[in-house]
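Beneath this line is the structure, given in structure tokens, with notes to follow.
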Amino acid sequence: MFRLFVEGGVGFMSILTILLVAIFFAAWKAPSWIKEIGSTACAFGFFSFLLGLRQMFDALQEIGCQQEAVTGVFDLVSPGVLFGGLKVAMIPVIYGIIIYIVSRIVCIIQKPKL
């Protein structure tokens with residue numbers, strides 16, 4: 001679990017964890033904020049995914065430029081490297097969606113009983 005936290009980017013994952021804690025604090029103090037905090041976590045997860053894709057493409061471009069300088073031809077990057085980068089970039093998105101689902105569950109639990 002800690003490995004996924006580090007692979008997803010400590011900065012992004014820390015902010016998402018703070019939003020998760022904020023959901024439980026809001027359930028206690030400000031129930032009307034729960035849905036907004038969950039939506040923010042989901043949006044931040046997608047934002048971190050886009051930044052992760054940018055970082056992955058920069059790294060792939062650098063690998064391609066190094067290969068071209070050494071061999072004189074541009075070789076294709078291994079699919080394993082490409083899909084590994086996508087897998088790592090998806091970690092904050094999954095965490096953000098999980099936080100959103102938790103926020104919806106907390107909202108459902110807190111609904112007044114009829």
Worksheet item: Going through region 1-33 one residue at a time, which ones are aromatic (Phe, Trp, Tyr) and either surrounded by 13 or more Cβ atoms within 10 Å (Cβ to Cβ) or within 14 Å of Val106 (Cβ to Cβ) (or both)?
Response: Phe5, Phe12, Phe24, Phe25, Trp28, Trp33
Discussion item. Can you pull out every residue in region 56-69 that is in contact with a Phe, Trp or Tyr (Cβ under 8 Å, 6 or more places away or on another chain) and without any contact (Cβ under 8 Å) to a residue 12 or more places away in the chain?
Written reply: Gln67, Glu68
Worksheet item: Counting only residues that are among the aromatic types (Phe, Trp, Tyr), farther than 12 Å from Val102 by Cβ and more than 11 Å from the chain's Cα centre (by Cα), how many does region 1-51 have?
Response: 4
Worksheet item: For Cys42, all conditions in the list (1) touching a Gly at 6+ places or on another chain (Cβ under 6 Å); (2) open to solvent by 50 Å² or more (accessible area, probe 1.4 Å) hold save one; what is the number of the exception?
Response: (2)
Worksheet entry | Close pairs (7 angstrom Cβ cut-off, 6 or more residues apart or separate chains): under 29 Å from Ile109 (Cα atoms) in region 34-55, part of a helix (DSSP H, G or I) and open to solvent by 70 Å² or more (accessible area, probe 1.4 Å) anywhere | Gly38/Tyr100; Gly38/Arg104; Ser39/Tyr100; Ala41/Tyr100; Cys42/Tyr100; Phe44/Ile15
Discussion item. I'd like to know if region 35-53 contains one or more residues that are on the phi > 0 side of the Ramachandran plot and touching a Pro at 6+ places or on another chain (Cβ under 7 Å).
Written reply: no
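The values are calculated or read from the model by the stated rules, or taken from the named source; none is laboratory data. What you are looking at is a predicted structure, and each value in this text was computed from that prediction instead of being measured. Here Cβ is always computed from backbone atoms with ideal geometry, including for glycine, and neighbour counts include all displayed protein chains. Quick note on the areas: whole protein, heavy atoms, side chains included, nothing else; ligands and nucleic acids left out. Shrake-Rupley method; radii C 1.70, N 1.55, O 1.52, S 1.80 Å.
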